[in-house]
Amino acid sequence: MELIALDSLLQDLRYTLRTLRRDRVFSLVAVLILGLGIGANVAVFSVVNTILLRPLPFPNPEQLAWIAPPETKCGFSCETYSADAYEEFRAENHSFQDVAGYFAFSTSDNYRLTGRGEPWPATGISVTGNFFQVLGIQPLMGRLFTVEETQKNSRPVVLLTSFFWKRRLAGDPGIVGSVIDLNGQPTTVVGVLPESFDFGAVFSPGTKVDLYTPANLDEMRMWGNILTMVGRMKPGVTLAQAHADAAIVAPQLYFNLKYPESKGRYQAIPTLLKEHVSGKLRRSLIMLWCAVGMILLIVCVNLSNLLLARAVTRSKEIAVRSALGAGRIRLIAQLLTESFVLSAAGAILGLGLAYGITSFLAHQGSIALPLLSSVTIDGTALAWTLLVAVSVAILFGVVPGIHMASGNLHESLKGGGQQSSGSTKHERIRAALVISEVALASVLLVSAGLLLRSFLCVLDVDLGFQPSMAAAVKLDYDENANADKRSEIFQQILRRVQAIPGIEAAGMVDYLPLGQNRAWGPPEVKGKTYRRGELPSPLVYVVTPGYLRAIGMRVRGRDFTWDDGPTAEKAIMLNETAARALWPGEDAVGRIAAMNGKDHRVVGVIADVHQSNVEGEPGWQVYFPAVQENPAGAELVIRSKLPPATLAAMVLRTLRELNPNQPAAEFQPIQRIVDRAVSPRRFFMLLVAFFAALGLTLAALGVYGVISYSVTRRTQEIGIRMALGATHGRVQLDVLRRTLSLALIGIFAGTIASVLVARGIASLLFGTQPTDTPTYGGMILLLGVVALLAGYLPARRASRIQPMIALRTN
């Protein structure tokens, strides 16, 4: 029995290959459509699987938890812990095997590698000594940090990433134990981490980390909230138990007097690390998956239509096989074999397309999505491809197969194949299929339109600065210099840089907008008493004169000057939100604000700047002169109409004349920072827009196929009407009316479905309502125009039918 079944399968397969080879055009079109649909589906599945479904790339990742205070609006300082809070939590909790942390305020290019050619920038992260042990990471070479290396006055050591070791140190096999020069300090390399570990992909999307140093908590103890915490729960401990434990430990830490002068935030809410990494993207990814699922449905509907159209030419063939004894099940099996062969070919093409897409995405560092660098076509994706290919073959093959196998044998053998197979029932099925295509395309177009409108609203947000024509580069300078020396260094750098032809303005800041940030205690109106926690903690920036003009900020009052020195009156600038809150209805310029126990004169009020993200509220911001407060590093910002690439060499040459150790740091346009901040929204919008365009194209093909077939079937009828006096225009109008009726039914159904879908994605919209009228109107107009264009060619062909030739057609 099994041999008979196998023999039948092989016969069907050989016959299918011969049939498809004879009809090459149909086969190529079908495989191309399937390849696009399956490839897009597999690529999106790989992204969803990597970010949302697949466990994090650590041993027993379900035990890892992110430990953070409740979400606030005051930047990293409100999302991190002081050194003493970290140590106390680590010691007092009972739910975690161990708790680790890393310094949250590290900036890009914060290290300088020298002694191996020209000075080279490197990005490093300071981590607690047990950080890699908690994550379960083992070194590729060498060892991890020891307890002694985290103590004060210990010898400097470093762990390198595999990428940095290969790229900058030529994969030196003897690197472990050797000494390299980092920031002018001999540092021993104790190990190289495996290539599979990507800190940025998990903890800071889009960031490329080169090396790790052990955090000295004794030195950091008085720095305030500077550590993020991640813990590994004990076996058998649930997240709820860890949460309850943290709720008990945190209040004790809040009143901790062990380090009374240390600043810290002591509320702790554990969440699964996987949820922290990808939880915020869940809705977006599910929406993307649904969108590509709709494309697959449109593909199936389109192919069903193609197969039904092909049935016209195959009706006699099916009838002959049936007359020779082939049963209905046998015929359906043969037709399904064709569907499976086409689907298999489409899956192979789709896999190639998906591989290209995922390889491209994995190397897009400009897209700030977690784990994107590890997106690949793995075994799970291959299994998904097989499932999709089988499902698609069944979906688009069953209806045509049943319809073709149940045709009228007598009529087909009589020679009326065209009439019988092209029956009213046949046409109704194809019309219903094309209506469903238009409806699905409507949903995709509305979703894409809403996301596009949201993205345009994001781009229209007043950032508070002008990113165009501005660029920044990381500066290397003596951070231990006193205020007078720092003022001299900064003034000298800015004088020389501003003298470069083409540079309109230059200044320095410690943290750029839409990047790292920090918060201090809030400014207060002098003489007024506030309740604890009444005022929000502001984001704090230390800037030089000229920075506001270079970055394009608007200020009322005055900018800082070099006269705002160490011995001058303390100066400060506030943003509009902070100024309005402190002095409602009054002008804050010239007022005295108390901050950090000192009085500061408000010399200017700056327009609100989106410092943390584009879509959120700006919150409070405070700016200090770079000579009166210690900056946390320095970014040189310049404004010029010349391209950054043109200026980079001149600026770097000038900086190295002043400081030979200035590394060749990346000269990045400020617009790139803005683009990276909105890259997740742009990523999802572009993909959905692509799927909408693909769905629209397939729907147009479906409309064209149905109308074209209808014209072919009605050739005699049209010929008779023209013989009786129907004009060319009237014939065209009738065909276009039929086209538009199908499109409008599909648009009506699609509009209803679109409203429901739009409400489901409302949380993903920005500045746009789910019932946005222009979006729905644009969808209706676009689909209507495309449908008419798709129906125009058949209408034109119908109007050129010669009555005498049509009447002679049997």
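Quick look at the values:
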read-out	value
Potential lengthening between Ala383 and Asn596 on full extension [0.36 nm per residue; Cα-Cα distance subtracted]	70.7 nm
Sequence-distant residues sharing a close amide H with Met233 (under 5 Å, placed H)	Leu64, Ala65, Gln97
Qualifying trypsin sites (Lys or Arg not before Pro) in segment 73-165, DSSP loop, other Cβ atoms within 10 Å at most 10	Lys152
Neighbour net charge for Ile435 - beta-carbon separation under 13 angstrom, K R +1, D E -1	+1
By accessible area with a 1.4 Å probe, ligands and nucleic acids excluded, highest first: order of Phe76, Phe560	Phe76, Phe560
Solvent exposure, largest accessible area first (probe 1.4 Å, DNA, RNA and ligands not counted), of Ile429, Ile670	Ile429, Ile670
Rounded accessible area of Trp562 (nearest 10 Å², 1.4 Å probe)	80 Å²
Cβ-placed point charges (K, R +1; D, E -1), dipole of segment 492-611 about Cα centre in debye, nearest 20	160 debye
Dimensions (Å) - segment 729-779, Cα atoms, principal axes, largest first	48, 17, 11
Heavy atoms of Cys290 accessible to a 1.4 Å probe, total area in Å² rounded to 10	80 Å²
Around Arg283: net Lys/Arg minus Asp/Glu count, Cβ-Cβ under 14 Å	+3
For segment 144-236: rounded, prolate or oblate by the Cα gyration tensor [a/c cutoff 1.5]	oblate
Solvent-accessible surface ranking, highest first, for Phe766, Phe690, Phe199 at 1.4 angstrom	Phe690, Phe766, Phe199
For segment 212-225, 3J(HN,Hα) per residue [Karplus equation, 6.51 cos²θ - 1.76 cosθ + 1.60, θ = phi - 60°, Hz, x = Gly/Pro]	9, 10, x, 7, 8, 5, 5, 6, 8, 4, 9, 8, x, 7
Low-density loop positions, GluC sites (Glu not before Pro), segment 486-584 - DSSP coil, at most 14 other Cβ in 10 Å	Glu534, Glu569
Residue-wise HN-Hα coupling along segment 593-599, computed from phi with Karplus coefficients 6.51, -1.76, 1.60 (Hz; x: Gly, Pro)	10, 8, 8, 6, x, 10, 8
Net charge contributed by nearby residues that have their C-beta within less than 12 Å of Arg453 (K/R +1, D/E -1)	-1
Met650 - accessible surface, heavy atoms, 1.4 Å probe, Å² rounded to 10	50 Å²
C-alpha center-to-center spacing [segment 672-698, segment 153-220] in angstrom	36 Å
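The values are calculated or read from the model by the stated rules, or taken from the named source; none is laboratory data. Computed from a predicted structure; not experimentally measured. Ideal geometry is used to build each Cβ from the backbone, glycine not excepted, and the neighbour counts take in all protein chains shown. Heavy atoms of the whole protein, side chains included, go into the accessibility calculation; ligands, DNA and RNA do not. Shrake-Rupley method; radii C 1.70, N 1.55, O 1.52, S 1.80 Å.
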